[in-house]
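Values quoted throughout were computed directly from the atomic coordinates according to the rules given, and no laboratory measurement underlies them. Treat the numbers as computed from the prediction; the structure is a model and nothing was measured. Note: ideal-geometry Cβ built from the backbone for every residue, glycine included; neighbour counts use all protein chains shown.
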Amino acid sequence: MKHTKTARSLRGLLLRYLLSTAALCGGLFFVWWLVFGILLNAGFILPASSAAEASRRAADEVLPAMTADTFDPSRLDPLCRYALFPAPGSPAVLATNMNGWQLDKALNAWMGGSGNLGYTQYHLPATLADGSVCLLQYDYTVPYADPNLRQKLPDFQTCYLLLLAVLTGLLIWGTTRRTARRLSAGTARLQAACARLAAGDLSEEAFGQTRIRELDQALDTMQQLRAHLAQSLREQWESEQERSEQIAALSHDLKTPLTVIAGHADLLAEEDLPPRAADSVAAVQQSCETAARCLADLRAVAAPGAAADEPRQRVEAAEFLARRKETGRALCTAAGLHFRLVNGLPAGAVLEIQPHRLARAVDNLLDNAARFTPAGGTITLTAGREPGVVILTVQDTGPGFSPQALRKAGHLLYTGDAARHDAHQGLGLYMARRVAAAHGGELLLTNTSAGACAQLRLPAPPPKA
């Protein structure tokens, strides 16, 4: 994917955000200050030093000629706040135009307090002709030029500074929101691409661009990953197809000679043969039966869909186990073993299964146990139930599974267990695991103190309505 020229790096995007925000804030402050100057030049507001200058003029020019009796507030500038005391150090207030808060500040300063915290008020004492004192109070704030506006409207300077703060906040919020929306759109596209991959969508449709260099690079990487996954799946599917075709061809090639051998063995078995020859013919027949089961497993592996399409049926558990008992006895008798069936299911219990597939899976487990159990041993098929689960267990008294076999047994063509290995190529356990998975269950392989244990754990059927 080629990036467009408008793609920016994350660093560039953030730097642009900071610079644009700073520039806009600077422009806002300039306009704010320009408007302030216009208002000042137009006489709508007064300089911040106006109250201080008015207080000094009153202290130097007006108040020295007055006494407490002749004190005339109208001769003072409206910007002057005053409190009249009869003598220095006296707490008595003869006259004032201050509000309660302002008077508290003035009294604190007049009585030699430690100072006023917060908003600073300045005080200028002026001695009158009779020794009384007028304490003038002022601050450095920008007032309205019209005294009536000063009485009716909130303090101009506070409102104007608050306006600047609000406009600055709105400007920063706007630029931040614009940048955040661009980042959110980019990350949303990235999340959508991840969701498509997680859902297994490996189509050729491009993931698109975010115009943010790092995110576009991540999308490029994901696009390459999608292509690699698609190619890998195609190769895997082709490999599976090739293997299935090879297995199908092999089973077909083996079927004819095996049928011929089995047919001749059956003909020989009908003859009156010496005991030694009869034993050899029986061994050939048994080997043919084992080979036939292997070929059946090979055909099932080569064409798994045919077996998977078998419909589920409700089968009497007792009838199903009775047929498995016949198979188990036949396998054990031929190998010189003992067979036991333990049916722990309640009377009338029903299994909802694919009967032919599950029968093959159990028979494979029985055959596997029979081949690895020493002569004189015992194979036990147990049917039991736990809440929501039906358990079919094949227990033998053989050497058990090796640790490696417990991890890998049931994988296709696994034959790595030296203690339980022959030419069966691992198809029995593999087919049993697949059948369990097709029923929504699992195959568990464990070792007990007696030998190997294989469990088919299947969901119990719901009660019939």
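Overview of results
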{"read-out": "Spatial separation of Cα centroids for the stretch 309-346 and the stretch 71-107, in angstrom", "value": "113"}
{"read-out": "Geometric extent, Cα atoms of the stretch 213-298 - Rg, Dmax (angstrom)", "value": "25.8, 88"}
{"read-out": "Convex hull volume per residue in cubic angstrom - Cα atoms of the stretch 62-140", "value": "84"}
{"read-out": "Two-site FRET efficiency, Leu161 against Thr221, from Cβ-Cβ distance with R₀ of 45 Å, rounded to 0.05", "value": "0.35"}
{"read-out": "Beta bridge orientation in the chain: antiparallel %, DSSP, nearest 5", "value": "85"}
{"read-out": "Stretch gain in nm, segment Asp60-Trp101, where the contour uses 0.36 nm per residue and the Cα spacing is subtracted", "value": "12.1 nm"}
{"read-out": "Of the DSSP H helices in the chain, those whose Cα atoms cover at least 30 Å axially and whose Kyte score averages -1.0 or more", "value": "10-41, 156-198, 213-270, 275-302"}
{"read-out": "Helical mean residue ellipticity (222 nm; -39500 (n - 2.57) per DSSP H run of 4+; nearest 500) of the chain", "value": "-18500 deg cm²/dmol"}
{"read-out": "Extension reserve of the Leu267-Asp279 stretch, reckoned as 0.36 nm per residue once the Cα distance is removed", "value": "2.9 nm"}
{"read-out": "All aspartates and glutamates inside 13 Å of Lys325 as judged from Cα atoms, apart from same-chain residues fewer than 8 positions distant", "value": "Asp363, Asp367"}
{"read-out": "Kirkwood-Stokes translational diffusion coefficient of the chain, alpha-carbon pairs, 37 °C, 0.692 mPa s, µm²/s", "value": "100"}
{"read-out": "Inter-label distance, nm, simple model (7 Å from Cα along the C-beta direction), Leu10/Ser287", "value": "6.9"}
{"read-out": "Tail weight of P(r) past 29 Å, computed on alpha-carbon pairs of the stretch 310-459, percent", "value": "10"}
{"read-out": "Student exercise, the chain dipole from Lys, Arg, Asp, Glu Cβ charges, in Debye to nearest 20", "value": "460"}
{"read-out": "Estimated dipole of the stretch 213-298 in Debye, rounded to 20 [Cβ of Lys and Arg +1, of Asp and Glu -1, Cα centre]", "value": "200"}
{"read-out": "At R0 = 45 Å, FRET efficiency that the Cβ-Cβ distance of Ala185 and Lys152 yields, to 0.05", "value": "0.35"}
{"read-out": "With at most 16 neighbouring Cβ atoms within 10 Å, loop GluC sites (Glu not before Pro) (DSSP) excluded, longest segment of the chain", "value": "1-203"}
{"read-out": "Projected label distance in nm at Arg178 and Ala87, using a 7 Å step from Cα toward the beta-carbon", "value": "7.0"}
